[in-house]
1. Quick one: in the stretch 33-58, which of the residues that are touching a Leu at 6+ places or on another chain (Cβ under 8 Å) and open to solvent by 20 Å² or more (accessible area, probe 1.4 Å) is farthest from S135 (Cα to Cα)?
2. For L238, indicate whether it is in a helix (DSSP H, G or I), touching an Asp or Glu at 6+ places or on another chain (Cβ under 9 Å) and over 30 Å from G51 (Cβ atoms).
3. Which members of the stretch 115-129 meet the condition of being of a type in the set (A, V, I, L, M, F, W, C) and either part of a loop (DSSP other than H, G, I, E, B) or under 17 Å from the mean Cα position of the chain (by Cα) (or both)?
4. Here are the criteria: (1) open to solvent by less than 60 Å² (accessible area, probe 1.4 Å); (2) over 30 Å from T237 (Cβ atoms); (3) at pLDDT below 95. Tell me which single one A200 does not satisfy.
5. List every residue pair whose Cβ atoms lie under 6 Å apart, where the two residues are 6 or more positions apart in sequence or sit on different chains, the first residue falls within the stretch 125-148 and is more than 30 Å from R42 (Cβ to Cβ), and the second residue, located anywhere, is in a strand (DSSP E or B).
6. Is it the case that the stretch 88-107 has a residue that's of a type in the set (A, V, I, L, M), in contact with a strand residue (DSSP E or B) (Cβ under 9 Å, 6 or more places away or on another chain), open to solvent by less than 10 Å² (accessible area, probe 1.4 Å) and modelled with pLDDT of 95 or more?
7. Do we find that L238 is out of contact with any strand residue (DSSP E or B) (no Cβ under 8 Å at 6 or more places or on another chain) and either surrounded by 17 or more Cβ atoms within 10 Å (Cβ to Cβ) or on the phi > 0 side of the Ramachandran plot (or both) in this structure?
8. Taking the stated definitions as given, is P153 at pLDDT below 95 and under 28 Å from Y297 (Cα atoms)?
Amino acid sequence: MSDVEYQAQDFTSDDKDPAGSWDDYLRDKQGTVGLAFRQGFRSAAFAQSLGQLQVVKFSTAPVDYRRTQRHIRADGDEHSYRLLVPLQGHFRFEQGDAREIFYPGKVGFFQWHQPLSMTHDTDISALILTVAQDSVDIAHAANAPLALDETRPLVRSLEAQARLLGEAKGWTAADWSVAYSSAVELLKGVLNPYPDASSARGAIDAERARCLIEEHAKDPKVTPEAIAAMLGIGERTLYKVLKRAGYPPAATMLREVRVNRAHQRIRTALPFDMDKIAFEEGFPSVRSFRQAYRERYGRTPVEMREKLFGHPTGR
């Protein structure tokens with residue numbers, strides 16, 4: 001069993017100093033933010049965390065938030081992001097050239113390492129899910145809209161998973177980390193959808209190749225040559241159809257699928273066995289797994305585990 005500690009903590013603003021207590025709470029849970037309070041301010045929150053994984057459900061009376069470059073420098077913050085799920089009320093949010101009004105059903109995604117402002121004139125309630133730099137593709141995250149497309153079923157699934165994380169009770173460390181990892185995987189799909197397949201033969205082959213890679217990546221014997229053979233085409237032809245469809249080479253896709261699946265397991269608080277993860281996710285050796293993981297995330301699997309949870313929690 002894992003010995004990672006899951007923490008759940010309620011917060012209510014101090015009656016004697018409601019503004020100061022909320023300021024301190026934000027610094028502890030999110031980072032430095034400039035606040036402009038209104039008369040009669042009050043707040044409450046419920047935070048859940050497991051290492052660096054965190055979801056905070058909060059409710060506040062009207063207040064203005066502003067995060068500037070000075071705040072960002074003071075935190076020494078690396079690239080990180082936040083998923084914002086409104087539960088009650090309306091509020092205005094600005095970052096860069098984007099301006100949106102958020103309300104229940106409209107999900108936001110913003111960059112915590114960039115200046116922003118948020119304001120509301122009535123009471124609101126919302127969830128904020130912390131998304132670490134290594135959880136998503138930085139290029140896709142940088143180009144993501146401030147407001148996610150609420151008409152997409154995948155966005156609605158993401159919202160439902162985030163609400164489950166923030167509102168359900170009775171979590172164990174392992175269960176909560178698995179649910180959190182599932183939310184991040186949904187977010188990655190929202191931010192980085194595969195291109196739509198056209199009716200052209202090459203595009204169909206590319207989509208079939210992608211599906212075969214997803215299906216067979218766990219088998220270390222599956223190579224680009226094997227994928228091409230399953231399609232009944234040559235390896236060079238496979239390379240061309242993938243390139244025309246906007247996909248990377250098959251070898252790259254196989255490695256990314258294997259590394260991403262391994263990373264999802266590393267980010268859960270289940271017992272950690274690097275040998276087992278490497279072989280079950282299709283790597284021919286632990287050494288190749290460690291090398292591919294370091295190239296993708298800048299750390300070895302053990303170092304990432306220690307960063308997330310403070311210790312490897314396993315072998």
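1. Selected residue: L35.
2. Values: in a helix (DSSP H, G or I): yes; touching an Asp or Glu at 6+ places or on another chain (Cβ under 9 Å): yes; over 30 Å from G51 (Cβ atoms): yes.
Yes.
3. Restricting attention to the stretch 115-129, the residues satisfying the condition of being of a type in the set (A, V, I, L, M, F, W, C) are 116, 118, 124, 126-129.
Within the stretch 115-129, L127, I128, L129 meet the criteria.
4. Status for A200: all satisfied but (2).
5. Pairs found: A132/S80; Q133/S80; A141/Y81; A144/F109.
6. First, pick out the residues of the stretch 88-107 that are of a type in the set (A, V, I, L, M): 98, 101, 107.
Okay, now just the ones that are also in contact with a strand residue (DSSP E or B) (Cβ under 9 Å, 6 or more places away or on another chain), so 98, 101, 107.
Now narrow it down to the ones that are open to solvent by less than 10 Å² (accessible area, probe 1.4 Å): 107.
Next, from what is left, pick out any that are modelled with pLDDT of 95 or more: 107.
Yes: the stretch 88-107 contains one or more residues that are of a type in the set (A, V, I, L, M), in contact with a strand residue (DSSP E or B) (Cβ under 9 Å, 6 or more places away or on another chain), open to solvent by less than 10 Å² (accessible area, probe 1.4 Å) and modelled with pLDDT of 95 or more.
7. On the way: out of contact with any strand residue (DSSP E or B) (no Cβ under 8 Å at 6 or more places or on another chain): yes; either surrounded by 17 or more Cβ atoms within 10 Å (Cβ to Cβ) or on the phi > 0 side of the Ramachandran plot (or both): yes.
Answer is yes for this residue.
8. On the way: at pLDDT below 95: yes; under 28 Å from Y297 (Cα atoms): no.
So P153 fails the test.
The values are calculated or read from the model by the stated rules, or taken from the named source; none is laboratory data. Note that this is a predicted model, so its numbers are computed, not measured. Cβ sites come from the backbone with ideal geometry, for glycine too, and all protein chains shown count toward neighbours. Only protein heavy atoms, including side chains, enter the accessible area calculation; ligands, DNA and RNA are left aside. Shrake-Rupley method; radii C 1.70, N 1.55, O 1.52, S 1.80 Å.
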